[in-house]
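Here the structure comes first, spelled out in structure tokens, and everything after it is commentary.
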Amino acid sequence: MIIGVIGGGQLARMMIPAAVNLGIELRVLAETDGSSAALAATAVGDYHDLETVLEFVKGVDAVTFDHEHVPQSILRELVARGVHVHPGPDALLYAQDKLQMRQRLAALRVPMPDWARIEDAAALDTFLGEHGGRAVLKTATGGYDGKGVRVVSSSAGAADWLALGQPLLVEELVEFRRELAQLVARRPSGELVAWPVVESIQRDGVCVEVIAPAPSSAGRVADVAFEIAETIAGGLGVTGVLAVELFETTDERLLVNELAMRPHNTGHWTIDGAVTSQFENHLRGVLGLPLGSTATRAPWSVMVNILGGSVDDLNAASVDVLALDAGLKIHLYGKAVKPGRKVGHVNAYGHDLDDVLASAREAVARYEHGPQGAHA
Ligand code: ADP
């Protein structure tokens, strides 16, 4: 069986070992030579170009994605030509467009922050007036890692985005205690499996750490997070992995922030911390194969992202990092180091959360700052 992956980033890269183990051929359409997924790249080209994509998908059994940016027109053309696209365009739409997502989730009665679709300054001012004078403004499409998200307290602060003439999403500024993520995998038959709900810690709009399971989540929080993700996955007909980003509010409600329909940064811990990783279950879901166990290997798993810092040669730094703790698992993305860029992550798991966190943090500090680590 052959799966075609559109996009050559680290998510496509981490699908490669899962595909190898399943005996599946993975082909990647990468944006550039030397991408993270270059090992499996059979084509380099622009995914906005229909001819490039049609050429790429010849002979594949199913198509899936490293990102959600493939235009709907191209996805629909593939489906019209009989290509199996997972997740399909009808589902993926809601990971591509935050306004569509809010509308659809409202119909599914999923708990969300208060929101509105606005097109002009007057509408924004009205929303601000009704929500304590501050709100979160988002572009409907094209945002990632906090780009396309801005806290505003007046329409003047949004003049540049309003001038684009595109409808915008405005949301109440949620007072959250922490951010959680619930990942599930679903196959076309409807079978669904869920990993434990996790806590994700963000810095400057970028996920930096994940703790699995989220501390103090056993019971109600886990149940509600699961029910929300199950409702969304079934309601939208998602195939493969669905990540639901959630806010846990100070008054203990869970509200959906956004969706991703592909392996997600908050699921990288599953490579080492769960019986079946998100990458393997994504491929299984995409091919309609039975899904694997999401059971954890240890009471606690953590993932800490490596962001580009003062160390250029990550492989050289690995010598020092690996000597720190034989239980650490490193995952480097084969990317050139640039400030703040996600270039890898470290997973650790064990019985004591403080120990595994300290170990993974120290490893990452050495990748970011050199042998001085956290003391640099
Ligand atoms: P992106 O698509 O760029 O990841 P998100 O919609 O996930 O953007 O928002 C990025 C971050 O901004 C979130 O992780 C959260 O910390 C903050 N944020 C987003 N929406 C809200 C909101 N309604 N209230 C408070 N914080 C928010």
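Could you work out the local net charge near A116, counting Lys and Arg as +1, Asp and Glu as -1, over the other residues with Cβ closer than 13 Å to its Cβ?
With Lys, Arg at +1 and Asp, Glu at -1, the neighbours total -3.
Under 24 Å Cα to Cα from K335, which lysines show up? Leave out anything in the same chain fewer than 8 places away.
Partners found: K147.
Quick check: Cα centre of the range 330-374 to Cα centre of the range 145-191, how many Å?
Taking the Cα centre of the range 145-191 as reference, the centre of the range 330-374 is 28 Å away.
With charges only on Cβ, +1 for K and R and -1 for D and E, what is the dipole size of the range 277-376 about its Cα centre, in debye, rounded to 20?
I would put it at about 460 debye.
Please work out how much length the chain gains when fully extended from K147 to A218, using 0.36 nm per residue of separation minus the C-alpha to C-alpha distance, in nm with one decimal.
Full extension of this stretch gives 22.3 nm more.
What whole number of Å gives the distance from the Cα centroid of the range 79-130 to the Cα centroid of the range 1-62?
28 Å
Test of understanding: what is the full-extension gain from L54 to R253, defined as 0.36 nm times their sequence separation minus their Cα-Cα distance?
Length difference between fully extended and current span is 67.2 nm.
May I ask you to give the percent of accessible area on the chain that is carbon plus sulfur, with a probe radius of 1.4 Å?
Solvent-exposed carbon and sulfur of the chain make up 49 percent of the total.
Can you give the helix-only mean residue ellipticity at 222 nm for the chain, where every DSSP H stretch with n ≥ 4 adds -39500 (n - 2.57) and the sum goes over all residues, rounded to the nearest 500 deg cm²/dmol?
Taking each H run of at least 4 residues, the total per residue is -9500 deg cm²/dmol.
Using a Förster distance of 30 Å, how high is the FRET efficiency between V20 and A376, based on the Cβ-Cβ distance and rounded to 0.05?
My answer for the efficiency is 0.25.
Which of rounded, prolate or oblate describes the range 242-294 when judged by the alpha-carbon gyration tensor and an a/c cut-off of 1.5?
prolate
Would you mind calculating the gained length between A316 and I201 on full extension (0.36 nm times residue separation, minus the Cα-Cα distance), in nm to one decimal?
Contour length minus Cα-Cα distance gives 38.6 nm.
Need one word for the chain: rounded, prolate or oblate. Basis is the Cα gyration tensor (sqrt eigenvalues a ≥ b ≥ c); a/c below 1.5 gives rounded, then a/b vs b/c decides.
It comes out rounded by the Cα gyration axes.
How do H369, H67 rank by accessible surface area computed with a 1.4 Å probe, from largest to smallest?
Ranked list, largest accessible area first: H369, H67.
Can you tell me, using C-alpha contacts under 8 Å and at least 6 residues apart, the relative contact order of the range 140-271 as a whole percent?
RCO, the range 140-271: 25 percent.
Quick one: in the range 109-225, what % of C-alpha pairs are over 23 Å apart?
45 percent
How much net charge surrounds G88 when only the other residues with a Cβ under 14 Å from the Cβ of G88 are counted, with Lys and Arg +1 and Asp and Glu -1?
Net of charged neighbours comes to +2.
By the gyration tensor of its Cα atoms, with a ≥ b ≥ c the square roots of the eigenvalues, what is the shape of the range 283-376: rounded for a/c under 1.5, prolate for a/b over b/c, or oblate?
oblate
Accessible area per residue of the chain at 1.4 Å probe, in Å²?
So the chain comes to 42 Å² accessible per residue, rounded to a whole number.
With each label point set 7 Å from Cα along the Cα-Cβ vector, what nm distance links S154 and S293?
Label at S154, label at S293, 6.0 nm between them.
Quick check on packing: order 311-318, 5-12 by the mean number of other C-beta atoms within 10 Å, highest mean leading.
Order by mean packing, descending: 5-12, 311-318.
Magnitude of the Cβ-charge dipole of the chain, K/R +1 and D/E -1, about the Cα centre, nearest 20 debye?
Roughly 480 debye, rounded to the nearest 20.
How much net charge surrounds I3 when only other residues with a Cβ under 15 Å from its Cβ are counted (Lys, Arg +1; Asp, Glu -1)?
+2
With an 8 Å Cα cut-off and a minimum separation of 6 or more residues, compute the relative contact order for the chain in percent.
13 percent
If exposed means no more than 15 neighbouring beta carbons inside 10 Å and the site is in a DSSP loop, what's the longest run of the chain without any exposed GluC sites (Glu not before Pro)?
253-376
The values are calculated or read from the model by the stated rules, or taken from the named source; none is laboratory data. What you see is a predicted model; the values in this text were computed from it and never measured. Counting neighbours? That spans all protein chains shown, and the Cβs are built from the backbone with ideal geometry, glycine included. Side chains included, ligands, DNA and RNA excluded: accessible areas come from the protein's heavy atoms. Shrake-Rupley method; radii C 1.70, N 1.55, O 1.52, S 1.80 Å.
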